[in-house]
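Remarks on the structure that follows.
The values are calculated or read from the model by the stated rules, or taken from the named source; none is laboratory data. Worth saying up front: this structure is predicted, and the values here are computed from it rather than measured. Neighbour counts are summed over all protein chains in view; Cβ atoms, including those assigned to glycine, are modelled from backbone coordinates with ideal geometry. Accessible surface is based on the protein model in full, side chains and every heavy atom, while ligands, DNA and RNA are left aside. Shrake-Rupley method; radii C 1.70, N 1.55, O 1.52, S 1.80 Å.
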Amino acid sequence: MTTADDAARNSGVGATSDDAARPSRSFLSRQERFRSVPSTNDIIRSWMADGTGEVCLAVADEQTAGRGRSGRSWVAPAGAALLMSLGFEPTYVTPERLWRVAAIVALAMADAGEEVAGLPIGMLKLKWPNDIVVAAPDAPSGVHKVAGVLGETDGAGTPAVRAVVGIGINADWPREQFPPELAEAMTSLREASRGRPIDAGELLDAFLLRLEPRLLGLREGRFDVAGWHDRQITTGRTVRIDMPDGTAPVFKAVGVDGASGALLVEDAAGGERGLLVGEVTQVRLVTGGGDAETEPGGVTL
Ligand code: BTN
């Protein structure tokens with residue numbers, strides 16, 4: 001157990017408490033659990049800046065300044081979600097394949113979530129790039145978001161490359177406590193399993209168990225391209241792509257590219273192109289009525 005002062009120094013932003021146990025798995029260099037922190041991604045950044053190597057793991061019961069993709073915030077009541085970040089030093093992938101680090105986190109969590117919630121294999125899908133969702137034909141968006149992944153990299157192409165991958169997964173969060181403005185776009189493992197209580201510790205163990213072989217594979221140049229393809233919910237669907245310039249063109253998503261990580265889309269004229277993560281603000285599924293979902297982020301505000 002380290003002190004609150006240690007935690008505050010470690011996070012650099014005023015953590016309130018923590019539990020520094022021996023890492024639960026040998027591939028982890030450091031593992032700590034915090035009751036409340038601003039953002040677990042910031043804790044990992046600060047640890048790595050202080051010299052902590054891969055793979056370090058910070059878990060929080062609650063975040064007071066959780067971050068989502070594209071500058072959005074990420075909210076979840078204390079104890080409702082498993083919130084964590086992992087720090088990697090991915091010198092073993094080329095800069096073009098850095099996206100695979102976040103992808104193995106999403107894939108390991110999809111596998112773990114299905115196991116712990118007793119869901120059919122393949123029920124948890126990925127909405128490119130790394131949202132974990134379940135199909136929800138009656139929802140305006142056609143999906144309910146279960147988890148989001150935020151990857152932040154530094155030093156790509158140098159020996160000092162670092163990747164911080166944060167993931168928040170709605171675990172034991174009952175529907176009646178969903179924020180009303182997000183209730184149509186989100187769900188939790190508890191709800192997806194029709195009320196099965198989800199233990200965050202069990203989910204974390206199941207995730208780490210599945211992450212380790214995926215990471216060892218990445219270190220040896222392997223990546224589960226087929227598994228990544230199979231989980232994609234966008235393939236074959238019409239999508240509206242919010243671009244950073246404010247435009248929102250509509251395409252047919254035809255697949256994903258296992259080399260570049262791109263979302264492969266086809267325009268109305270049949271021309272195919274690949275969109276990279278950095279080129280896109282948001283992907284929205286277009287539902288049968290032709291309306292794009294309003295906000296796919298289950299807990300982004
Ligand atoms: C998204 O917008 O879908 C990504 C959300 C990522 C949220 C997680 S929760 C743990 C980690 N810490 C953060 O501040 N964000 C990530």
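Tabulated values for the structure
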| item | result |
| --- | --- |
| Anchor Lys125: aspartates and glutamates whose Cα lies under 13 Å away (excluding residues fewer than 8 positions away in-chain) | Asp111, Glu114, Asp230 |
| Acute angle (nearest 10 degrees) that the helix 200-219 long axis makes with the longest principal axis of the chain, alpha-carbon atoms | 80 |
| Candidates Ile121, Ile167, Ile104: whichever shows maximal mean-square fluctuation once the chain is modelled as a Gaussian network with Cα springs under 10 Å | Ile121 |
| Over the chain: helical MRE at 222 nm, DSSP H runs n ≥ 4 each giving -39500 (n - 2.57), nearest 500 | -7000 deg cm²/dmol |
| Beta bridge orientation in the chain: antiparallel %, DSSP, nearest 5 | 85 |
| Mean-position separation - Cα centroids, region 103-169 and region 177-227, in angstrom | 7 |
| Nearest 10 degrees, 0 to 90: helix 99-117 Cα axis against the chain principal axis | 90 |
| Potential lengthening between Gln177 and Ala268 on full extension [0.36 nm per residue; Cα-Cα distance subtracted] | 28.6 nm |
| Angle between the chain longest axis and helix 40-49 axis [Cα atoms, degrees, rounded to 10] | 60 |
| Debye log10 I(q)/I(0) at q = 0.10, 0.12 Å⁻¹ for the chain, Cα point scatterers | -0.51, -0.75 |
| Label point distance in nm, Met243-Phe27, each placed 7 Å from Cα along Cα→Cβ | 3.8 |
| Residue-normalised accessible area of region 119-179, given per residue in Å² at a 1.4 Å probe | 37 |
| GNM flexibility winner over the chain from Ala268, Ala248, Ala65 (Cα, springs under 10 Å) | Ala268 |
| Two-site FRET efficiency, Glu96 against Ser73, from Cβ-Cβ distance with R₀ of 41 Å, rounded to 0.05 | 0.85 |
